[in-house]
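See below for the structure under consideration.
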Amino acid sequence: MHSIFVSDLHLTPDRPRATDTFRGLMAGPAAQAQAVYILGDLFEHWVGDDDLADPFNKAVADILRALSGKGVVLHFMHGNRDFLAGAEFASRCGARLAPDPLLLDLYGTRTLLMHGDTLCTDDLEYQKFRAYARDPENQRRFLAQPIEQRKKVFTGYRADSEKEKAGKTAEIMDVAPAAVEKILREFDYPRLIHGHTHRPGRHVHVVDGKSCERWVLTDWYGRAGYLRCDVKGCAAEPL
């Protein structure tokens, strides 16, 4: 028995190779898993569940529906690009919407799952945007706009985000060590799995004398992969 974890796929019609890799993963290794956890940013952007009729969005939902239809338990956690995915999207895919953070017993090891953006506390501008974007009333007003207008807003946000990143240091856009230690302490020193930073790897944090493993999931820009965890531990698997 094992589970698979992915994040930051950023699927879009403009990157068909990534979509093909995703299709292969869901039909192959993922279909053999007990559970699959998507920890945010499955899509490059998601403007609302009423955009499920879009051919590309429908194709991705169909891939996930095929997976969950095989009995694989599918979990979906919001990222900073697809935080507007809701109950209709989850139902269409046969997925369970997961809270962020999510603590679970993973084959005998207490494991904390996060998208990871809340750990980047040194990026003050992003944290301000996140608070605004996650506000229910702001989301309600945004979703009341026509789909095409929402897409234009996301396109503009993406362009602004890239400009802002160019002026930020790598340290600011990475997780803050103090934030990591705080969350590990808060949840009684679990193993931590997250994405968002696009800096895949395994880290060990010693907090209050306790050793905590932290896995950062790979993004799918120019590469692809997943994390496989079972009773023996976790291992990064390239695609």
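The values are calculated or read from the model by the stated rules, or taken from the named source; none is laboratory data. Note that the structure is predicted; figures quoted are calculated from it, not measured. Glycine also receives a Cβ, built like all others from the backbone with ideal geometry; neighbour counts cover every protein chain displayed. The area values use the complete protein model at the heavy-atom level, side chains included, leaving out ligands, DNA and RNA. Shrake-Rupley method; radii C 1.70, N 1.55, O 1.52, S 1.80 Å.
Applying a 10 Å radius around every beta-carbon, put 90-97, 187-194, 6-13, 151-158 in order of their mean neighbour count, most first.
The peptides rank, most packed first, as 6-13, 187-194, 90-97, 151-158.
Which Cys residues of the chain have no other Cys Cβ less than 4.7 Å away and so no disulfide-compatible partner by this rule?
93, 120, 212
Taking 0.36 nm per residue of separation and subtracting the Cα-Cα distance, what length does fully extending residue 182 through residue 103 add?
Length gained, residue 182 through residue 103: 26.9 nm.
Roll a 1.4 angstrom probe over the protein heavy atoms and tell me the percent of accessible area of the chain that is carbon or sulfur.
C and S atoms contribute 54 percent here.
Counting only DSSP beta bridges with both residues in the range 1-123, what percent are antiparallel, rounded to the nearest 5?
Numbers: 5 of 19 bridges.
Antiparallel: roughly 25 percent of the beta bridges in the range 1-123.
Regarding the range 71-149, what whole-number volume in Å³ per residue does the convex hull of its Cα atoms give?
112 Å³
Between residue 199 and residue 73, what FRET efficiency follows from the Cβ-Cβ distance if R0 is 41 Å, with the result rounded to 0.05?
Working: r = 28 Å, r/R0 = 0.68.
That gives a FRET efficiency of 0.90.
Would the range 26-69 count as rounded, prolate or oblate if I go by the C-alpha gyration tensor, calling it rounded below 1.5 in a/c and otherwise prolate when a/b exceeds b/c, oblate otherwise?
Judged from the Cα gyration tensor, the range 26-69 comes out prolate (a/c at least 1.5, a/b above b/c).
Only bridges with both residues in the chain count here: give the DSSP antiparallel percent, nearest 5. Walk me through the intermediate numbers first.
Working: 22 of 42 bridges.
Antiparallel bridges: around 50 percent, rounded to the nearest 5.
Leaving out ligands and nucleic acids, note down the accessible area per residue over the range 121-200 with a 1.4 angstrom probe, in whole Å².
Heavy-atom SASA per residue in the range 121-200 reads 62 Å².
How far is the Cα center of the range 1-46 from the Cα center of the range 181-208, in Å?
22 Å
What share of the DSSP beta bridges in the range 102-239 is antiparallel, in percent to the nearest 5? Mind showing how you got there, number by number?
Numbers: 18 of 24 bridges.
Restricted to the range 102-239, the bridges split so that about 75 percent are antiparallel.
Please work out the average accessible area per residue across the range 1-66, using the 1.4 Å probe convention, and give it in Å².
Heavy-atom accessible area per residue stands at 37 Å².
Order the peptides 78-89, 30-41 from the highest to the lowest mean number of other Cβ atoms within 10 Å of their residues.
With the highest mean Cβ count within 10 Å placed first, the list reads 30-41, 78-89.
Using only the alpha carbons, work out the radius of gyration and Dmax of the chain in angstrom.
Computed over the Cα atoms of the chain, radius of gyration and Dmax are 17.4, 53 Å.
Two-decimal Rg/Rh of the range 1-120 from alpha-carbon positions, Kirkwood Rh?
Rounded to two decimals, Rg/Rh equals 0.94.
Take the Cβ-Cβ distance between residue 54 and residue 134 as r, set R0 to 22 Å, and report the resulting FRET efficiency rounded to the nearest 0.05.
0.40
Evaluate E = 1/(1 + (r/R0)^6) for residue 14 and residue 157, where r is the Cβ-Cβ distance and R0 equals 22 Å; express this FRET efficiency to the nearest 0.05.
Working from the Cβ atoms, E equals 0.85.
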